[in-house]
Structures are given as structure tokens and as C-alpha cells.
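Since the structure comes first, as C-alpha cells, the remarks are kept for the end.
The values are calculated or read from the model by the stated rules, or taken from the named source; none is laboratory data. Not measured: the values here are computed from a predicted model. Please note: Cβ atoms are built from the backbone with ideal geometry, for glycine as well, and neighbour counts cover all protein chains shown.
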Amino acid sequence: MWYFLIRQDSLDTAQYQGLQRQASLTEVELFNEPYANWYVFSVEKDQYRDFIDHLDRNGIAYDLTADRPTRDELLETMR
């Protein structure tokens, strides 16, 4: 499983819905100001190539990890 981390404010509704259809699971990590909210898209290994191609073709910035980051780990990256 791969985990794609994308800032919520970097996607419009259509982009979000398209990615949500491709992912196995979509989670939203909500944070208080001044921190950004994050989408966590869980993608199976066999869907990895299609998902990353879609992101790259649409110019969507993302972080990629093989392990699901904890809420504290996400918060630490924003500090």
C-alpha cells in the first residue's frame, strides 16, 4: 500500500473526486490554524502507476510514503 499526502487547499472539488475514485481509501486529517488540512489517499501497489501518472499529468503536488504517517508526524512536517 502507498500513501499519497496532498494538502487539502491544493485540490479543487473535481480533482478531489477523481482521486477519491482511484484510491482504495481517502482520509482527511484536520488541523487547526495555522496548519493546513491534508488528504491521505491509500493506493494499492497495482494502482500506484496510474495514480501517480494522474497526479503528474495534472500538476498536483504530493508527498509519498510506504507507511501511513501518524497525525503527529504530519503535524511535525508543518512545523
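Here are the numbers for the structure shown:
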item: Whichever residue in region 32-62 is under 18 Å from Gln8 (Cα atoms) and of a type in the set (S, T, N, Q) and, among such residues, is modelled with the highest pLDDT; result: Ser42
item: Residue selected from region 39-67 under the condition in a loop (DSSP other than H, G, I, E, B) and surrounded by 14 or more Cβ atoms within 10 Å (Cβ to Cβ), by the criterion nearest to the chain's Cα centre (by Cα); result: Tyr62
item: Selection count, region 7-28, where residues are out of contact with any Leu (no Cβ under 8 Å at 6 or more places or on another chain), under 16 Å from Leu64 (Cα atoms) and among the aliphatic types (A, V, I, L, M); result: 3
item: Test: residue in region 22-38 that is surrounded by fewer than 15 Cβ atoms within 10 Å (Cβ to Cβ), without any contact (Cβ under 8 Å) to a residue 12 or more places away in the chain and assigned to a helix (DSSP H, G or I); result: no
